[in-house]
1. Given 20 °C and 1.002 mPa s, how large is the Stokes-Einstein diffusion coefficient of the stretch 57-99 in µm²/s, with Rh as the Kirkwood radius over Cα pairs?
2. Not counting ligands, DNA or RNA, and with a 1.4 Å probe, what is residue 44's accessible surface area in Å² rounded to the nearest 10?
3. Might you work out the accessible area of residue 71 for me, using a 1.4 Å probe with all protein chains in place, and round it to the nearest 10 Å²?
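The values are calculated or read from the model by the stated rules, or taken from the named source; none is laboratory data. Quantities reported herein were computed from a predicted structural model and do not represent experimental measurements. Ligands, DNA and RNA are excluded from the accessible area calculation, which covers all protein heavy atoms including side chains. Shrake-Rupley method; radii C 1.70, N 1.55, O 1.52, S 1.80 Å.
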Amino acid sequence: MATDYDAPRKNEEELNEDSIEELKTRRTDKQSASVDEDEAEAADSYELPGADLSGEELLVRVLPAQADEFTCASCFLVRHRSQIARERNGLLYCKECEG
């Protein structure tokens, strides 16, 4: 909302002259008639088209760990051996987890 800084301002006396009834009507006018709705409830009732994947079968070929790879003991991601930052008790840690 824009403010007109050139408009005359009310002094303290004028502000105190506002009647209680006028202030009450201003307050009720600003209240909206809409009811707040729970977002989680609304999201549960909305279904995306094609979102049901229960009948789908995924075919993924899993490769065994390669000779130049390791699994980080902290983030459990498979990384290239060049990413080894430290080895402790036989466990390897990547540079990202150590950084």
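1. It comes out at roughly 191 µm²/s.
2. The value for residue 44 is about 130 Å².
3. Ignoring ligands and nucleic acids, residue 71 comes out at about 80 Å².
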